[in-house]
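A.B. asks: One structure is given below, represented as C-alpha cells, and several questions about it will come after.
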Amino acid sequence: MNKKMIYILATLFIVLLAVSYIQKGFDRATGTPETLDELKLSFDPDSVTGINVFKQHYPDSGLHFQKLETDWVVASEYNAPAKQSDVQKLIDDLRNASGSVRGESADLFADFEITDEKALQIEFYDSARNKLLHLYVGKGGGTGRECFIRLAGSPKIYLAGENFISRFAAWNAPPERKLPADRWLELKLYDIDRNNMTSIRILKGKTAFEFANVEIPSEDTLSAPSKAWIQISPEKGSKLEESKIRGLASAISGLRAKGVVDPAFKDQFGLSNPRNIIRAGDMTGKEAEIAISDPVNVDEERYVIVKGRDSVYKIDKSTFERLLVEPFKTNK
C-alpha cells in the first residue's frame, strides 16, 4: 500500500471519527436517548407501607397512604379504606417504570416542571420510616401517556412510559389545590352483588319495608322457575311494583358515597338513632347495612355509616331521594 493510499485512509478515519462525535453531541442536545431503557427504580415493593404525594410548599394539599396490617388506608382522609388494587398498581407501575434520559442538568428542571417547587413529589417509606423512593414528577409527554421525572439527588431527567401526573389529576392544577381523594377511596357502600341479592329491609321513618327475591314456578313444568321481587311487608297500604323493587335493588348494590367526613360525626345528625336504615342480604347469607343521617346542610347532603366500618361517608340529596323517596312515590 503506497503512502498516498495510507494518507487517504487516515484522513477518512479522522473524518468518520469527527462525524461520530458531532452526532453524539447532536443526540444529546436534542434529547435522543443513548439507550432505550435507562430508568430503573430500585426498591422492594413488599416493603412499602407508607406513601406521600404532595407539592413542596403545600403538604396539606397532598395525599398520604398508610398500610395498616394488610390493607391500605388514605391516612389524610381519616384513615378511610383505600382502593387496594389502585394503590398496589401505583407501587407496581413505579417499580416497573421504564424511560430514557432526556437531559442531565438541573438548569433544565424548570423546562420539564420538575423543580422542587413545581413538581409533584412521591415518596415511599417502609415500616421503620426509611425512605425507599423519592420521585419528582413533572409535565406530561407529547403522547399524553408519559411524563418527565427525576430522582432526588440526581440531575438526570427521564421521560417515563407512564403518566403519573395524570393519575393524581394534578396536570395544570394550582399547587395549593388539594389532590382529589375520591379516586383513591373505596366509596362503594355495599359489597353485595345485585344478581345475588335476595332480601332488602328498609326502615323509612316509622315504617319498615321488607322485600324478597323469590322463585316463581313456571306454568311449563319442564321450564326452570323464574325469580321476581315481591313486597313482604307492610301487607297493608300501597305496595311497590316489581320493577320499582328491582330498581331499588340495583341502586343499593351500586351505591357509592361522594366522599368521607370526620368520624366524629358518627353520633351526630341523628346517626345515634337513625330514622333511615337499609339492609341487604344475598344467597350466601351475607348481610350489609347502612344508616343514613338527617340532612346536614342546606344542600341536604347526608352522612352514612356502614355497619362494620369506622368511616363516615357522605351522599348527596339526589342519591338519598333515589333510595328512599322516588321508589315510594305513588302514582296519581
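A.B. asks: Kindly indicate which of ILE232, ILE245 is hydrophobic (A, V, I, L, M, F, W, C) and either assigned to a strand (DSSP E or B) or within 29 Å of PRO180 (Cβ to Cβ) (or both).
C.D. replies: ILE232
A.B. asks: Within region 257-283, restricting attention to residues that are free of Cβ contacts under 8 Å to residues at least 12 places away in the same chain and part of a loop (DSSP other than H, G, I, E, B), which residue is farthest from the chain's Cα centre (by Cα)?
C.D. replies: Going through the qualifying residues, I end up with ASN273.
A.B. asks: What number goes with the only condition from (1) free of Cβ contacts under 8 Å to residues at least 12 places away in the same chain; (2) touching a helix residue (DSSP H, G or I) at 6+ places or on another chain (Cβ under 6 Å) that PRO174 does not pass?
C.D. replies: Failing condition for PRO174: (2).
A.B. asks: Cβ contacts < 6 Å: first residue aliphatic (A, V, I, L, M), restricted to region 195-218; second residue surrounded by 12 or more Cβ atoms within 10 Å (Cβ to Cβ) and assigned to a helix (DSSP H, G or I), any location; separation 6+ or different chain. Result?
C.D. replies: Final answer for the pair search is MET197/ALA249.
A.B. asks: Sticking with this one: Given (1) closer than 18 Å to ARG194 by Cα; (2) over 26 Å from the mean Cα position of the chain (by Cα); (3) surrounded by 13 or more Cβ atoms within 10 Å (Cβ to Cβ); (4) of a type in the set (Asp, Glu), where does ASP294 come up short, assuming only one miss?
C.D. replies: It fails just one condition, (1).
A.B. asks: For region 63-77, what are the residues that are part of a strand (DSSP E or B), out of contact with any Ser or Thr (no Cβ under 8 Å at 6 or more places or on another chain) and surrounded by fewer than 19 Cβ atoms within 10 Å (Cβ to Cβ)?
C.D. replies: Listed by number, the residues that qualify are LEU68, ASP71.
A.B. asks: In addition: Would you check if GLU321 is modelled with pLDDT of 95 or more, of a type in the set (D, E, K, R) and exposed (fewer than 14 other Cβ atoms within 10 Å of the Cβ)?
C.D. replies: yes
A.B. asks: Ok, one more. Working only within region 114-135, note down all residues that are in a loop (DSSP other than H, G, I, E, B) and crowded, with 20+ Cβ neighbours inside 10 Å. Spell out the reasoning first.
C.D. replies: Step one: list which residues in region 114-135 are in a loop (DSSP other than H, G, I, E, B), which gives 114-119, 126-130.
If the condition is that a residue be in a loop (DSSP other than H, G, I, E, B) and crowded, with 20+ Cβ neighbours inside 10 Å, then ILE114, ALA119 are the ones that fit.
A.B. asks: Could you pull out the residue among LYS178, LYS139 that is in a strand (DSSP E or B) and at pLDDT below 95?
C.D. replies: Of the residues listed, the single one that is in a strand (DSSP E or B) and at pLDDT below 95 is LYS139.
A.B. asks: Of the residues ALA280, ALA228, which is closer than 24 Å to LYS206 by Cβ and either crowded, with 19+ Cβ neighbours inside 10 Å or in contact with an Asp or Glu (Cβ under 8 Å, 6 or more places away or on another chain) (or both)?
C.D. replies: Values: ALA228 fails: closer than 24 Å to LYS206 by Cβ.
Answer to the check: ALA280.
A.B. asks: Turning to a different aspect of this structure: Given SER100, SER154, which one is assigned by TED's automatic domain parsing to the domain that holds SER61 and touching a Ser or Thr at 6+ places or on another chain (Cβ under 8 Å)?
C.D. replies: Being assigned by TED's automatic domain parsing to the domain that holds SER61 and touching a Ser or Thr at 6+ places or on another chain (Cβ under 8 Å) holds for just one of SER100, SER154, which is SER100.
A.B. asks: Separate question: What are the pairs, 6+ residues apart or on separate chains, where a residue within region 230-254 that is farther than 14 Å from ASN196 by Cα and in the same structural domain as ILE216 (by TED's automatic domain parsing) has its Cβ under 7 Å from a residue that is exposed (fewer than 12 other Cβ atoms within 10 Å of the Cβ) and hydroxyl-bearing (Ser, Thr, Tyr)?
C.D. replies: If the second residue must be exposed (fewer than 12 other Cβ atoms within 10 Å of the Cβ) and hydroxyl-bearing (Ser, Thr, Tyr), the pairs left are PRO234/THR207; SER238/THR330.
The values are calculated or read from the model by the stated rules, or taken from the named source; none is laboratory data. Just so it is clear, the model here is predicted, and its values are computed rather than measured. Cβ: placed from backbone, ideal geometry, glycine included. Neighbour counts: every protein chain shown.
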